[in-house]
Structure formats: C-alpha cells, structure tokens
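One structure below.
The values are calculated or read from the model by the stated rules, or taken from the named source; none is laboratory data. Only a predicted model underlies this, so the values are computations on that prediction, with no experimental measurement involved. When we count neighbours, we look across all protein chains shown, and the Cβ atoms used for this are built from the backbone with ideal geometry, even at glycine. These accessible areas exclude ligands, DNA and RNA; they are computed on the full protein's heavy atoms, side chains included. Shrake-Rupley method; radii C 1.70, N 1.55, O 1.52, S 1.80 Å.
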Amino acid sequence: MEQTVNNPLEASSAYNFAYLDEQTKRMIRRALLKAVAIPGYQVPFAGREMPMPYGWGTGGVQVTAAVIGPDDTLKVIDQGADDTTNAVSIRQFFAKTANVATTEKTAEASIIQTRHRIPEKELREDQILVYQVPIPEPLRFLEPRETETRKMHALEEYGLMHVKLYEDISRHGHIATTYAYPVMVDDRYVMDPSPTPKFDNPKMDMMAALQLFGAGREKRIYALPPYTKVKSLDFEDHPFEVQSWKDECGMCGATDSYLDEVILDDKGNRMFVCSDTDYCSERQDAGHRGPQHHDQPLGTSHSNGKAAE
Amino acid sequence: MTRSHEPLLRVSDLTMMYGDRVGCRNVSFELRPGEVLGIVGESGSGKSTLLRSISAQQEPTKGTVEYHTRIDGIRDIYQMSEAQRRLLMRTDWAFVHQNARDGLRMNVSAGANIGERLMAVGDRHYGNIRNAAENWLDKVEIATERLDDLPSTFSGGMQQRLQIARNLVTSPRLVFMDEPTGGLDVSVQARLLDLLRGLVHDLNLAVIIVTHDLAVARLLSHRLMVMQRGEVIESGLTDQVLDDPQHAYTQLLVSSILQN
Amino acid sequence: MSEMLHAKNVAKGFTLHTQGSVTIPVFEGVEFRLNAGECIALTGESGSGKSTFMRMLYANYTCSSGSISVLHDGDWLDITTASPHAILDMRKRTMGYVSQFLRVIPRVPTLEIVAEPLIALGTARETAMEKARDLLTRLRIPERLWQLSPLTFSGGEQQRVNIARGFIADYPIMLLDEPTASLDTQNRATVLALIEEAKARGAAIAGIFHDHETRDAVCTGSFDVTSFKVGAND
C-alpha cells in the first residue's frame, strides 16, 4: 500500500500507475485515513472522472487505485461472480494500468473489489475489501436534504432509520429490506453497507480484513477498520435475520452460501447456484456435488440451459 | 387539576430584526403549564416571526426564551447545544403547522408518522410502537384501519389530526400551533377545535396558538396577545380583550372580524 | 351576613377609537355589596348599563377606576388588578355566570357542555354527568337532544342549557343575566326553584330579571344602576 512508485516498464506506459495521478491518490488516501479513523462516517472526497460511466464502480475503482501497489493481487467480483462484464472490465483496467496480478481465487487476492457481495470464504487481516457504492446515505430514503442528514449523523438522530424498517414490517409483516440493509457501526454511525444482500451483513461484523467503501457519483468514502463492530438495525420483536433457502446449491450442494436462482427453460424449471463462483468451484474441485451437477464445467449449465435433462 | 404557578416558558424582551425591518419587537410574557395563549393580529403583524423565534426555529436578534426543562430546570433555549435543543423539540415540544404536509412525512404510513418520535427517542419494540400509534389514531378520531395508509390518501382534516397525533405521542408539555384550522372547511374546523380543546384539557398542555381567526382564539385560549407591526399592543384575558378592547387596533380588529 | 363581593368607587367608560376616539362615560362612584345568601336584582331601564355592570363584576369588562373585590379562597381578590390566571381561577371555583349567549365549540354534545364546569373542578366524570342529566331533566331538555350540540337548539332550549351549565357547580357567587327571559311558565318555575336552592346553600346572587314576578319571587333586594350613571345627578 505504501508503494507509489511508477513502474512504467511493466505497466502500459501511456498511463500513470493505476491510472490516477499521484496527487489524486494522495488526496484519496487522506480521505481513507480519515474514514478509517471514524468508522462508518462518510468522508467527502474530490472524486475524479474515470474512463467508465457512473454506476459502473467509479468510486470503488478510485479507492482501489489509491491503495493498490505493484505487488498486490486483485480480484474483482460483481454479484459474487468474477466473470461478469463489470468485473472483467475493472480487472482488465488494473491489469493494464497497474500491471498487477489478478485472480479469481478469494484466498489468493490481497485486494478484492466488489459490487453486491462479500465472498463466502472468511477474509484475512492481510486482505482489503473495496465496495462499489451507489448511494452512500442511508437516511436519504426519508430525508432528501443533505444539510439535514449530516446534522442527523452528527447528533446521532437515527429514529428515521427505524421508520423505514417499521414501514417494511407494516407492509410485509416482516423486515422486507433484503439488500442495503442499514447497520450501526461501532455504536456510533448508521451506515449503508452498499447494495450487498443482508445475508452478508454478519460477515462485516468484526471482519479481519479492512473494508473500504467508495461512492463515485456522490463522492463519498467510508470505511470499517478490521475488527469493527457492525450491527444490523432491527426491532426487539422483529430481530434481524438473514435470508435462507430451502434448496441447496445445484452444482456444489452448499447449504450455507448465498444462492442465485437460475431459470432453466420456459417450462418453469429452475435451479439454485452459489452466487460466489469461486466458492462454488472450489467446493466442486473438492468433490462436493449438488443435485443438478452432471460433471460439466460450471457455466455450461448456465448458458445452454440443458442441465436438467 | 391545579395549575402550577411556576412558568413553563418565559420570553423576555424578544426582538427579531430583518435588517432594518422589524419582525417583532420587545415581546415579553410567561406561560404556565396547561395554559393556552392566543396570538392574534393580521397578516404581517409579526405573529409567525414571534412563534418561530419562541419555538427555536430562528434565533432572535435580542432577548431570551427560557424553558423549564424536565431534567435541567430553567434553560435559555438558545444557550443549549443544538443536540439538546433538537431533542427538546421532538420530545417535550410539539409544532402543529398550518399545512399538515409541512408537519407530516407524506411517503410513509400514518402509523410510521406517529411512531417516528417514539423511535427517535429509542423505542425499539415494533408491537409497542404500533399499539401507541393505533391508540393515537383513535384519540384523534381516525379509524384504526387507516393505520397503514399513506397520509396522502387522507382528507385535509384527517391530515391535520394525524399531524396532531404525531406530535403528541411523546406527551409534550408545550405545543406551538400556527393557524391550525386555517384552510379547513368550517365543519372540519369545528371538529378539530373540539379535539384540540379536549386534548389541551386532558393532557394539561401549554399551547401557544397563532391565529387570525378571533373565534378560534376565543374558543381555545385563556389569554390573548394582540400584535400590530411587530409589537404586542394589548394583552390579557381572552374575553376581556375581545369584549372590551382598549387599544384602537384591537377595537378595529374586533369590530371588523367578529360577527357575534 | 358575610360579604362576598364589593365594588368601591367604580367608574367605567368606553373609548371608541374607531369612531373618532369619542369617550362614552357610563358609571362613576359605584358602591355595591353582595352578601352570602342574598339575591340582588340589578335594576334600571333598558340601556342603563345593567349588563355592563354585571360584566364588570365578572371581569369580562374592565373598570376605568375603583376596585371590585371578590372573596375567593378565603382572600379578597381585586379583579380590576388581578392577573388573568387569578381571574380564571376565580371564575372556575368561585363565580358562576349565566349569560344570554351560548358560546360553545360546535359539535360538543349538550351533556358535555353542562357537565364541564364540574369536571373542571375535579369532580369525577360520571358524577358530573349524572348531575348534568338531572339538571337537563329538570329543565325539560328532552333526552334525545343530550348528545347533540346545543347550537342547533331553539333560543329557549339554548338558554336552559346555559342555566344548567351555570347551576351545575355550587359556586359561592352567581351572576344571572336574564335567566328567565323567553322561558315558559313551567321552566321559569324550575329556574326560580334553582335560584332558591342556591340561596339556601348560601350563594350570593346578583341578577338581571326582565319581569317583576320573577324579581319579586326570588330577590332579597335590588340595586339601581341608574343612580351611578354619569350625569344621573345633573
């Protein structure tokens, strides 16, 4: 992370190391330091235009660019998968501008940039998880004024967050918020954990890895230092619960991971598979099998839709 | 019900200037628990300016507003920290706006509107919050089946009553009202007046009510302050001020508005 | 007899700012006493200021000078200088007033309006309601009307509601402004009975009565306001 020296011989010489100029990276690092010092607090930063549209992870990319060094190994996932367009393009972006090693293996990565998921495999102290954040302000749902939401954070006026949860229960009989589920950080700041499914919220609590959040459009950075207390908001009589599935993963048979539903045909046939592709394939390599597994390589069953036959 | 003689609110020499223009000037009065004070005067007389300054929404140019807090005794509200002041405003105080839309969250249900203040002070039991909201809906005469409906589906009178419920759920001791019956049909006004009068009495609320409607002032307030050009020109017992006005402006106001 | 109220050297005038600030003097040098157990008729021809004087006794009208003292809670309260709080407390616990006008919030049921002064004194709600029902029955307000607002009633019915409200609490002092006007014989008899009962329990009563029969039936004395009219002795 301390490494800021350009490596023009290895990286594409047309770009500064990791695309951003050194001054910008220093500015972002200062914001990150402040964010780490005040867990859950949204630090404004002078977000730059990136060579990709807003909504494609410009915030996460800037954070990654500010912390990545030549010796890092980068993994990028979108909805848990390494092979989606967004993940592939960001991985290629850093491979080209920083010439860093990339991987799809969670365990091998030193930096993991993510949209929507936290890897199933437990992260370590020597790893950094970078989140792409669309809307960093958890209070925005009910309070459109930025001046007011800042004041509410400053004065810890968080009743409004429970108004949202109250509405959920009154409409659906339970807290129906399933992603971007608000959390209380270190008993002080209410934070939007980005649109991760609430399934992943417990993983944030006391995580060994450093968690950094970047919102490009809104130009905000926030962070969870390692081993920070993260509590999902709830009511005494409607405690926080994560999603669970009746099915197991069709490919690896996992019952403890976040599952995506895959429609197989237009006759209503479907299967569930792990959203974390690395986790799933690692389990399959270890010999685990799910009901729809026919010893084809993972992915074939997704694309040709013939797995059930 | 005996009223305490200790004032709940003391306003001293309050002046609000907008540059050279006078918002209100040299206003002093005390309010006791359970007492209803009406502030009357025509548009632009400084009523609303005064109300904003008293209710911690706009720091006055000069003068003090002291409130007898539950915990710390008498405090100058503009010397409190903002956190304390905001806590006071959403627990022990209430503000009923003329336009219910200004006082409600239109995009969440009636129940959430009422429950918000409870959740703001740390209530974390959904069932209890919902019961409290249901009770209050009933108290303000809105069918409890409407608990999960959005305020936008309510009539104007219902919205106003919902606003009152939302404000009173934390049992405040001081309520500010800015033309609470303004813009409502006459029959709806009557119902609201009746409701307000009952709540004021049952909950021993101290109220400062700004209105240009002298009939409303007569029916609700114990005391009256008449304002003209930013100054209080006459004050006293409501029926004395309205039936035997001494000041030229009050006489004009009474003779031009009051019908019976 | 114990004195309940006295007016000393009271003067009253109206300044009409909207009409060229003309000042209309009404009274000067008024001396008036009211004792427990008596019923004094305020007399004087129409327009002589009987109602004005009664309103001054209730502190509804201010006095230009002089004092009006009321025995309230065992102490003398000068209502010409007392704070609004003290006057409201005096009205709540010491002085009842039956006016000719019914000023109530629309929609409030008659029964509530009648019972309210007693409830305000701390009487249990059901006890107050029971007494309100008794009074309304005595004053022949049909039971089917009790849950309605009196604003829809006839003049005579409204007046009887006013009387019921005025007599429900046993005030030590009562002011009655033409309590029997527009009442039929039966109801007038009821009102006279109520006044007699009040006297019997020691209430000090001042009233304006439009007819001699009523006055002669209940009054123990009279007070002619005309003699204190400004210019009366010219």
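Anything in chain A that counts as a DSSP H helix reaching 15 Å or more along its axis (C-alpha) with Kyte-Doolittle mean of at least -1.0? List them, would you?
Values: long enough: A:22-37 (22 Å, -0.34); A:85-97 (18 Å, 0.02); A:159-172 (20 Å, -0.44).
Membrane-span-like by this criterion, though nothing is claimed about a membrane: A:22-37, A:85-97, A:159-172.
Each residue of region B:53-70 was assigned a 3J(HN,Hα) from its phi angle through the Karplus curve 6.51 cos²θ - 1.76 cosθ + 1.60 (θ = phi - 60°); the sequence is 5, 5, 8, 6, 9, 7, 5, x, 5, 8, x, 10, 10, 10, 10, 7, 6, 5 Hz, with glycine and proline shown as x.
Normalising the Debye intensity of region A:8-228 to I(0), with uniform scatterers on Cα atoms only, and taking log10 at q = 0.10, 0.11, 0.14, 0.18 Å⁻¹ returns -0.43, -0.52, -0.83, -1.33. Within a straight-line Cα-Cα reach of under 20 Å, A:Lys203 can be paired with the following lysines, leaving aside sequence neighbours fewer than 8 residues apart in one chain: A:Lys75, A:Lys105, A:Lys121, A:Lys229, A:Lys231.
Ordered from largest to smallest accessible area (heavy atoms of protein chains, 1.4 Å probe), the residues A:Trp56, C:Trp146 come out as A:Trp56, C:Trp146.
On average, how much area does the Cα convex hull of the protein assembly as shown cover when viewed from any direction, in nm²?
On the way: hull surface 180.1 nm².
Averaged projected area of the protein assembly as shown's Cα convex hull equals 45.0 nm².
Relative to the longest principal axis of the Cα atoms of chain C, the long axis of helix C:125-138 makes an angle of roughly 80 degrees.
Taking amide H atoms as placed 1.01 Å from N in the peptide plane, the amide H of C:Asn35 lies under 5 Å from those of C:Met4, each 5 or more residues away in sequence or on another chain. Compute the distance from the alpha-carbon center of region A:243-273 to that of region B:38-65, in whole Å. Answer, in whole Å: 64.
Counting only aspartates and glutamates at least 8 places from A:Lys246 when in the same chain, those with an alpha carbon closer than 15 Å to its own are A:Asp256, A:Asp260, A:Glu261. How many nm is it between the label spots at B:Glu231 and A:Val242, if each spot is 7 Å from the Cα in line with the beta carbon? My value for the distance between the label points is 7.1 nm. Buried surface between chains A and B: roughly 2000 Å² of accessible area, summed over both sides, computed with a 1.4 Å probe on protein heavy atoms only.
For n ≥ 4 DSSP H runs only, could you compute -39500 (n - 2.57) per run for chain C, divide by its residues and tell me the 222 nm figure to the nearest 500? Walk me through the intermediate numbers first.
On the way: 7 runs with 79 residues, N = 234.
Result for chain C, helices only: -10500 deg cm²/dmol.
Counting lysine pairs in chain C that sit 8 or more residues apart in sequence, or on different chains, and whose Cα atoms lie under 18 Å apart gives 6.
With the alpha-carbon atoms as the only input, what is the per residue convex hull volume for chain C in Å³? Walk me through the intermediate numbers first.
Working: hull volume 32.7 nm³, N = 234.
Convex hull volume per residue, Cα atoms: 140 Å³.
Electrostatic tally near A:Pro44: other residues with Cβ closer than 14 Å to its Cβ, Lys and Arg +1, Asp and Glu -1, net +4.
The accessible area of C:Val22, taken with all protein chains in place and a 1.4 Å probe, comes to roughly 60 Å².
Treating the beta-carbon of each Lys and Arg as +1 and of each Asp and Glu as -1, no other charges, what is the dipole magnitude of chain A about its Cα centre, to the nearest 20 debye? Intermediate results must be reported in sequence, preceding the final value.
Details: 34 positive and 47 negative charges, 194 e Å.
In total the dipole reaches around 940 debye.
For an R0 of 45 angstrom, estimate the FRET efficiency from the Cβ-Cβ distance between B:Asp149 and A:Arg270 and round to the nearest 0.05. Using R0 = 45 Å, I get an efficiency of 0.80.
Only helical DSSP H runs with n ≥ 4 go in: add -39500 (n - 2.57) per run for chain B, normalise by residue count and round the 222 nm mean residue ellipticity to 500 deg cm²/dmol. All intermediate terms of the calculation are to be shown ahead of the outcome.
Numbers: 10 runs with 101 residues, N = 260.
Counting only the DSSP helices, I get -11500 deg cm²/dmol.
What size of dipole, in debye to the nearest 20, comes out for region B:104-171 about its Cα centre when the only charges are +1 on Lys and Arg C-beta atoms and -1 on Asp and Glu C-beta atoms? Working shown, then result.
Numbers: 8 positive and 8 negative charges, 44 e Å.
Magnitude of the dipole: close to 220 debye.
Separation of region B:105-126 from region A:197-238 is 25 Å, based on Cα centroids.
Seen from all directions on average, region C:9-120 presents a Cα convex hull projection of 9.4 nm².
Please work out the average accessible area per residue across chain C, using the 1.4 Å probe convention, and give it in Å².
Working: 10030 Å² over 234 residues.
Ligands and nucleic acids excluded, the result is 43 Å² per residue.
Summing Cβ point charges (Lys, Arg +1; Asp, Glu -1) relative to the Cα centre of chain C gives a dipole of roughly 540 debye. By the helix-only formula, in which each DSSP H run with n ≥ 4 contributes -39500 (n - 2.57) and the sum is divided by residues, chain A has a 222 nm mean residue ellipticity of -7500 deg cm²/dmol. Springs between Cα atoms under 10 Å define the GNM used for chain C, and in it the highest mean-square fluctuation of C:Asn162, C:Asn35, C:Asn60 occurs at C:Asn60. Each of A:Pro39, A:Ile112, A:Met206 was scored by the projection of its Cα onto the charge dipole of region A:8-228, and the greatest displacement toward the positive side belongs to A:Pro39; charges sit on the C-beta of Lys, Arg, Asp and Glu.
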